[in-house]
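Values in this text are rule-based calculations from the coordinates and carry no lab data. Everything numeric in this text was worked out from a predicted model, so none of it was measured. Heads up, the Cβs are rebuilt from the backbone with ideal geometry, glycines too, and the neighbour counts pull from every protein chain shown.
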Amino acid sequence: MISGPTPLAAADIVVPDLRGGFSHLIAALAAKGTSSVKGIDLIDRGYEYFTDKLTALGAEFQRD
């Protein structure tokens, strides 16, 4: 659950590290609008089949 005074909005994000990057990715999925996330290869190396798991949860994303 994400709570706070301001709703999350789409943004251009650069993955800073493995754990922080995954947190940024989850926030981007929860935000309104379309976010662009760069450096996703770092998450690829750290979490096995993470895109399959996000898809199973109903996440909508596109990889370039």
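Brief remarks follow.
- Residue among LEU54, LEU18, LEU29 with the largest mean-square fluctuation in a Gaussian network model of the chain, springs linking Cα atoms under 10 Å: LEU54
- Applying both filters, DSSP loop and at most 13 other Cβ atoms within 10 Å, to the chymotrypsin sites (Phe, Trp or Tyr not before Pro) of the stretch 1-52 gives TYR49.
- Restricting the stretch 32-64 to trypsin sites (Lys or Arg not before Pro) that sit in a DSSP loop and have at most 10 other Cβ atoms within 10 Å of their own Cβ leaves ARG63.
- Helical contribution to [θ] at 222 nm, DSSP H n ≥ 4, -39,500 (n - 2.57), averaged over the chain, rounded to 500: -12000 deg cm²/dmol
- Given (i) 201; (ii) 86; (iii) 94, the label whose value is volume of the Cα convex hull per residue in Å³ derived from this model: (iii)
- When +1 charges are put on Lys and Arg Cβ atoms and -1 charges on Asp and Glu Cβ atoms, the dipole computed for the stretch 13-56 relative to its Cα centre reaches about 180 debye.
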